[in-house]
Each structure stands twice: as C-alpha cells, then as structure tokens.
Amino acid sequence: MATIKEIALLAGVSRGTVDRVLNNRGGVNAETEATIRRIMAEQKFTPNPAGVALAAQKKKYKIGVILFSKMNPFFDAVNQGILDKAHELSLFGCELIVRRVAYDPQAQLSTIRALVKEQIHGLIIAPYNSESIASELNQLSTAGIPVIALNSDVEGAHRLAYVGPDYYNSGKTAAALLKLMTKGPVHLGVLTGDQKILGHAQRFNGFLDSLSEESRFHVVAHEENFDDDQRTYDLVTRMLKKHPEINALYFLTAAVYGGCRALSALRAPKELCVITHDEVPTTVEMMEKGYVTATICQEPLWQGAKALELMFSYLSDGKQLSQELFLSKLSVQIRETI
C-alpha cells in the first residue's frame, strides 16, 4: 500500500501538499488536487486510522444537525442513531450541534443561519421541501460546507448525499399490505403529514399509484394532520362519523396515537384494517390493543448513524462517496412480531 511520501513523489509535490489534500485544508489548486486524488485512487491509498485520528484531534469537525420537531417521536430514534455514532467518533474530533425545529421553512432557515454563525464544517438536515431551503443549502455548498439530506430530500439543492427510505416504494408497500389484508370493497380514510415534505408526497403518490391497479379501493376521505395528535384525533372522529362505510385507515406519517384514540372511541379493535409507518412506542401500544394492523419500519437508527458516518468521513479524510443515495431497508411489523 502506498504511503503519503510515495503519493507525493508520484504527484511531484511535497508531503505537506498531499497532507493538505488528504485533510481538506485547502490551499492547493484544483488541478494539483485532482492529480493527487487520482493517484490516491490508482494506488488504493487508505489513510492510517491513527493518523486520521491525530489530524482530527488537531482540527475538530463541528457538524450541525437539523431534525424535525419533537412532536414526531420517529426522529427521537434518528437522533439516537446520530448520537451513538458521534460517541464512536468522539476521539476523532467530532462535535455535534443538534437542533429540533418545527415543520416550517422559516424555522429551518433561521436555524441553518444560526449554525453557520457557529462555524459548522458540515450540515445534516431533514429538509423542508421549499425553494428558500434549497437556495440556502446551495449557498452552503458554494461556501464549502457540505450538506447531507437525512430522511427526506429537497428538490433543487446540491447535497452530498441523501440518506433515508425510498418513499415511493414505502407507499407501494402500504398499498400491498392493504391488498393482502382486505377483501371486497375497501373505503379508505387517509391521514397524511405536511405534503410540502417531499418524502410525504412521494409516499402518498406510491400508495395511490399502487391502489389504482385495483378498482375495489376507494379513498373517501383524505386529510393532512401535520403530525399533531390532537388534530388527528379530531380529523379521524369527523371522518368516521361522516363516512361510516370506512373500513380501513392509512396513517402516512406520525400522530397515529391521536387517530387510534378516536378510533377506539367509535369502533372495536380489529374492526378496521389500519396501516401505519414506524415502530414508535405509542404505535406499538395501539398495535398491542388491536387497533393497528401493521406498521412499516425504515431503520431510523441506521439512518442517523449512516448520515453522520458519511459526513465525518468526507470531512476528515476527503473520501469521495461511493454513491449519492443511501437507502434504508423497509420492514413490516405486526402484533406477533413486535
């Protein structure tokens, strides 16, 4: 395996120049840097872990993280995955600044700008899908602050990578479960989150596209719950009273607990087929009580850990990512498997 000295000889530069490229410290012209990185790839050069740790300790990498509000407990697990990975990387000079903000573009914008003032080296964000957020993230990329989109993506933004589920396929999976678990005509009530979250919209499209293949499915009510339990309680109550024919519910995002409380006041357990997403404690509780038929999971711990792993690797050793999309695995849980 080549050493830094050998890379420097092949590139016709000093070891210090190779070190600057390796640790992303700047000050090397683009053509020389490209040559050094090409030679590293050709020689299959891998930095010595002890050397990486020593270099990282000399320069701590401050990474900003923006996740959605604590109203959505799914992000508690994503956050835990990030914290677990941060603990592994603490000796390598990894410092985190985590912020939880509302489903609101202005809240995200102000948080991004506040993190930039704290001189972050990279940003991991579950982004709101808006032009203002995309523009802000593009400014960060231009300024040399890499961005990784976590759990949901944003259109028009230059990000290093996306880490999260294939939302369209997630919606198709929900539709497939309904097809397997129901017979005859199905009259559906659907609760979606904020449709300006790109993943929410993609999941809904996958769900509807898959159901359109069979004429027995009819969406008779559709509401946005914005991941709010009280709002979902009220919406499901009105839905079931206005449409007594509803025999299935699909909760596309969070606030399942509020919806199931309304369901429990009006219907018996197992009377409806109820499909949800994620294995949060309140959803598990409602599954145990017979109100949730199945839930589709998306590896939240892995998502958080993978996003931080990729960001730190990129910042600390200049490792180019092998791909742009890092998709979590989908799995289905029923009462007997939780």
Task: Cross-link partners of LYS179 among aspartates and glutamates (Cα-Cα below 14 Å; sequence separation of 8 or more within a chain) - done: ASP209, GLU213, GLU214
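Is there a quick way to get the dipole size of the chain? I mean about its Cα centre, with the Cβ of Lys and Arg at +1 and of Asp and Glu at -1; what is the value in debye to the nearest 20? Spell out each step's value before the answer.
Details: 36 positive and 37 negative charges, 109 e Å.
Its charge dipole is roughly 520 debye.
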- [ ] Give, as a single signed number, the net charge of other residues whose beta carbon lies under 13 Å from the beta carbon of THR253, with Lys and Arg counted +1 and Asp and Glu -1.
- [x] -4
Task: the stretch 112-189: GluC sites (Glu not before Pro) falling in loop per DSSP and having at most 16 other Cβ within 10 Å - done: GLU118, GLU155
Task: Electrostatic dipole magnitude of the stretch 4-46 [Cβ: Lys, Arg +1; Asp, Glu -1; Cα centre; debye, to 20] - done: 120
Open item on the list: Compute the helix-to-body angle for 30-42: its Cα long axis versus the longest principal axis of the chain, expressed 0 to 90° and rounded to tens.
Closed with: 80
TODO: When you have a sec, figure out the Kirkwood radius of the stretch 4-46 from all distinct Cα pair distances and drop it here in Å to one decimal?
DONE: 9.9
TODO: In whole Hz, with x marking every Gly and Pro, tabulate ³J(HN,Hα) for the stretch 90-102 from phi via Karplus 6.51 cos²θ - 1.76 cosθ + 1.60, θ = phi - 60°.
DONE: 4, 6, 9, x, 9, 10, 10, 10, 9, 10, 10, 10, 6
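Output needed for the stretch 97-249: three equivalent-ellipsoid semi-axes, defined as square roots of 5 times the C-alpha gyration tensor eigenvalues, in descending order, whole Å. Each step should come with its number before you reach the end.
On the way: eigenvalues 269, 61, 21 Å².
For the stretch 97-249, the semi-axes come out at 37, 17, 10 Å.
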- [ ] Determine the sum of side-chain charges near ALA157: Lys and Arg each +1, Asp and Glu each -1, restricted to other residues whose C-beta is under 11 angstrom from that of ALA157.
- [x] -3
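Can you give the charge dipole size of the stretch 1-144 about its Cα centre, rounded to the nearest 20 debye, using +1 on the beta carbon of Lys and Arg and -1 on the beta carbon of Asp and Glu?
Numbers: 17 positive and 13 negative charges, 84 e Å.
Value, rounded to 20: 400 debye.
Using the 2.2 N^0.38 Å rule of thumb for compact globular proteins, work out how the chain stacks up: its C-alpha Rg over that value, please.
1.17
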- [ ] Could you tell me the distance between the Cα centroids of the stretch 192-254 and the stretch 120-165, to the nearest Å?
- [x] 28
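Could you sort out which of LYS62/LYS306; LYS196/LYS241; LYS85/LYS196; LYS85/LYS117; LYS60/LYS85; LYS70/LYS172 sit more than 22 Å apart by Cα distance in this structure? Before the final figure, lay out the partial values.
Details: LYS62/LYS306 17 Å; LYS196/LYS241 28 Å; LYS85/LYS196 30 Å; LYS85/LYS117 24 Å; LYS60/LYS85 16 Å; LYS70/LYS172 27 Å.
In this structure, LYS196/LYS241; LYS85/LYS196; LYS85/LYS117; LYS70/LYS172 exceed 22 Å between Cα atoms.
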TODO: State the antiparallel share, in %, of DSSP beta bridges confined to the chain, rounding to the nearest 5.
DONE: 5
Open item on the list: Show log10 I(q)/I(0) for the stretch 167-297 at q = 0.16, 0.19 Å⁻¹, two decimals, from a solvent-free Debye sum over equal Cα scatterers.
Closed with: -0.70, -1.03
Open item on the list: Only counting other Cβ atoms within 10 Å, I'd like SER152, SER90, SER328 sorted with the fewest neighbours first.
Closed with: SER90, SER328, SER152
TODO: Mind pulling the angle between the C-alpha long axis of helix 167-181 and the longest principal axis of the chain? Nearest 10 degrees, somewhere in 0 to 90.
DONE: 30
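Here, each number is a calculation from the coordinates, and none is a lab measurement. All figures in this text were calculated on a predicted structure; none of them were measured in a lab. Note that we place each Cβ from the backbone using ideal geometry, even for glycine, and neighbour counts take in every protein chain shown.
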